[in-house]
1. Pull out a ≥ b ≥ c, the square roots of the eigenvalues of the alpha-carbon gyration tensor of the stretch 27-127, then state rounded if a/c is under 1.5, prolate if not and a/b is larger than b/c, and oblate in the remaining case.
2. Obtain the radius of gyration and the Kirkwood radius of the chain from its C-alpha atoms and give Rg over Rh.
3. Using the beta-carbon distance between residue 268 and residue 13 and R0 = 35 Å, what value does 1/(1 + (r/R0)^6) give for FRET efficiency, to the nearest 0.05?
4. Starting from the Cα of residue 105, step 7 Å along the direction of its Cβ; do the same at residue 175; then give the gap between the two resulting points in nm.
5. Starting from the stretch 13-52, pick out the trypsin sites (Lys or Arg not before Pro) whose DSSP state is loop and whose Cβ has at most 12 other Cβ atoms within 10 Å.
6. For the chain, modelled as a GNM with alpha-carbon contacts under 10 angstrom, which of 100, 41, 66 fluctuates the most?
7. Let me know the charge dipole size of the stretch 2-134 about its Cα centre in debye, to the nearest 20, where only the beta-carbon of Lys, Arg (+1) and Asp, Glu (-1) is charged.
8. How big is the gap, in Å, between the Cα center of the stretch 118-175 and the Cα center of the stretch 235-304?
Amino acid sequence: MQKTEKIWMNGKMVKWDDAKVHVLTHALHYGTGFFEGIRCYNTVNGPAIFRLEEHVKRFFRTAKIYDMKIPFTQAQLMNEIKGVVKANGLKECYIRPVGYYGYGEMGLDVSNNLVEVAIAAWPWGALLGDEALKKGVRCKISSWARIDSRSMPALAKSAANYANAVLAKMEVTKLGFDEAILLNIYGQLTEGPGENVFIVSDGTIATPPLSAGILEGITRDSVMTIAKDQKMPLVEKNVMREELYTCDEAFFAGTAVEITPIREIDGRVIGRGTRGPVTEKLQRLFFDVVKGKNTKYRAWLDPV
Ligand code: PPE
């Protein structure tokens, strides 16, 4: 990863190399951490953070689900996030706020543990590669089912959920695929390890509802809003594995992957085996929006 100068930790800017925690940090042992992934784009009006407020709100919702108390307000964290981008002189970057139970008490009773918060930012290009944005990626459905909300809150962006995601990702990349797709325990589509999934069939865009057990992606919401504004037919519905094989187009949506076409699933070629026209249109619109070229969605961009 590309180092930057400074990381914000519990109210102070510290040097990148000094942003350390103790080996007995609670979250390291028990997965009691949570995070956000946000992008800052170099827009036509200078650096701006995409949907900052929604990301910070989700950070607080995750903490609430786990009954963890963040010792800062949403407004404070929004400010600090902008401060980190500025302090590092970044124009375009990925921002990672993280909250966690730190060093203090060990054991599963967390009633005396305090939440610590840090914010880092660094340049991070297209997660699955620039080539993937044009040509699409090859996916495999993981043998690991996505976590079920009777065991873990699937809607929370908690570090613990990513143990499931890492298992899925590593399973399929070892087999030579680019990305995993996870089904829920009922065999319905959920999402990728770090991104939501959309399919297109006979001109209708479909994506699983929150009740399928997905993260409520902010890119997902952006795609849905843009598609609706364009009067493109879109439904939230449960998607079966078979529909993934027979759809005309499929794509991932997430902060890190942005909008990445899917060209193959379990060895079945999707559509013509490259980026489809609906995906291309949404991708073009999305990049115009994040770059500030589409004034209709300026409110989604928070200048740094
Ligand atoms: N589902 C999951 C499980 C997920 O982790 C993400 C974001 C999304 C959906 C899309 O949400 P949003 O970014 O709000 O559109 N995953 C973050 C971490 C990825 C990583 O590899 O690390 C991200 O994209 O920042």
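The values are calculated or read from the model by the stated rules, or taken from the named source; none is laboratory data. Since we're looking at a predicted model, the values are computed, not measured. Cβ coordinates were reconstructed from backbone atoms using ideal geometry, including for glycine residues, and neighbour counts include every protein chain displayed. Each accessible area value is taken on the protein alone, full model and side chains, heavy atoms only, with ligands, DNA and RNA left out. Shrake-Rupley method; radii C 1.70, N 1.55, O 1.52, S 1.80 Å.
1. Since a/c reaches 1.5 and a/b is larger than b/c, the shape of the stretch 27-127 is classed as prolate.
2. Using Cα coordinates only, the ratio equals 0.96.
3. Calculated value: 0.10.
4. Inter-label distance under the simple model: 4.4 nm.
5. In loop regions of the stretch 13-52 (DSSP not H, G, I, E or B), the sparsely surrounded trypsin sites (Lys or Arg not before Pro) are 20.
6. Greatest mean-square fluctuation among the candidates belongs to 66.
7. The calculation lands at about 340 debye.
8. A separation of 16 Å, based on Cα centres.
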